[in-house]
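Step one of this worksheet: look at the structure below.
The values are calculated or read from the model by the stated rules, or taken from the named source; none is laboratory data. If you're wondering where the values come from, they're calculated on a predicted model, not measured in any experiment. In this analysis, Cβ positions are derived from the backbone assuming ideal geometry, glycine residues included, and neighbour counts consider all displayed protein chains.
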Amino acid sequence: MRWMIVDKKWMSCVVVLFLFLAYEFIGFAHQSGKMGSIVQELHGHPGNLGHRYHIVLIEQERYHPYWEMVEKGAEKAAERYGIDIEFTGPVRNNMDEQINLLEKAIAARVDAIIVQGLNGERFTPVIDKAVQRGIPVVTIDTDAPASRRLAYVGTDNEAAGESLGRLVVETTGGSGKIGVIIGSELAENQLQRLQGLKNIVEQYEDLTIVDVRSSNISHMEAIQQAAEMMRMHPDINIMVGTSATDALGVLQATKSLERDFPTIIGFDNQEETLTAILRGEIKATVAQQPFLMGDTAVRLLHEHFQGKDLRSEYYTEVMVLDKHNAQKGGGL
């Protein structure tokens, strides 16, 4: 009987010792895990287990059809690579707000930023600030080549403007008075498209650009500016728009005026633009590939996170859409 009591005491001691050792082991493992996380943070690299990169895409204008296509492409790529992506931007085109949103993304210490390039003098230092803090930046749609951005993804905008110019020449035979509505006088991509258009027009003595006005990426302002332009210059026989909003604004303005329809050439492939082309109201449009831009920008950041080297520029193709292929153009 006595030996059974001794055995029970011995077993109790063993159980207590086992539980104590188990507790110590669990505590040690927990502390080791915390130390590992601290080391990873000090090295500036996220851990491999369960980490998802968080990137922000800052748009020129939220809920604009063009930027909605950019979003779709970026979202698709983010799902493919297991990246968390956040979309933001001003409700109306506003450079101050875009810069403010870029500053907020830097302050939030996101893993990367995709942003439309803006006025270089004010915008470039903010991009450089992000890069100095270890946040890679990819510019999209419009470049900021003087900045320390990682890469640019989008249209070669001067070349796209030259495509507009060649359309003007084909349509007019090299003779006519041209009115131009551009999306913004501050956006570099719009000014580059205008320069490309001028590059072609200047080669023809009988082609003249008589007026250039800005729509500020607003459909209503495009209507107003186009109507005033055509009233002031009744000899204009061809109107060119350099942003997605402009040709549709010109079309609406033309319908409100008692005058002959000018030939209208637009930019981008909004559904309403393609419908107007099929109806014969707009002659043609130069279409970009915003879905591909968004997809490519996220893919490049994924490759950068994997340690791959990137080129400085990744140009996406443009395509001329007229009544012969506008039906297919909605899927660009």
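Structure summary
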{"read-out": "Test result for residue 91, surrounded by fewer than 16 Cβ atoms within 10 Å (Cβ to Cβ) and either free of Cβ contacts under 8 Å to residues at least 24 places away in the same chain or not assigned by TED's automatic domain parsing to the domain that holds residue 217 (or both)", "value": "yes"}
{"read-out": "Candidate set from the stretch 190-221 (those that are under 24 Å from residue 258 (Cβ atoms) and touching a Ser or Thr at 6+ places or on another chain (Cβ under 6 Å)); member that is modelled with the lowest pLDDT", "value": "219"}
{"read-out": "Residue that is over 23 Å from residue 316 (Cβ atoms) and assigned by TED's automatic domain parsing to the domain that holds residue 69, where the choices are 151, 130, 146", "value": "130"}
{"read-out": "Which listed residue, of 105, 159, 112, is over 16 Å from the mean Cα position of the chain (by Cα) and at pLDDT 95 or above", "value": "159"}
{"read-out": "Helices (runs of 4 or more DSSP H) wholly inside the stretch 222-332 that include at least 2 residues being modelled with pLDDT under 95 and surrounded by fewer than 19 Cβ atoms within 10 Å (Cβ to Cβ)", "value": "246-256, 271-278, 326-329"}
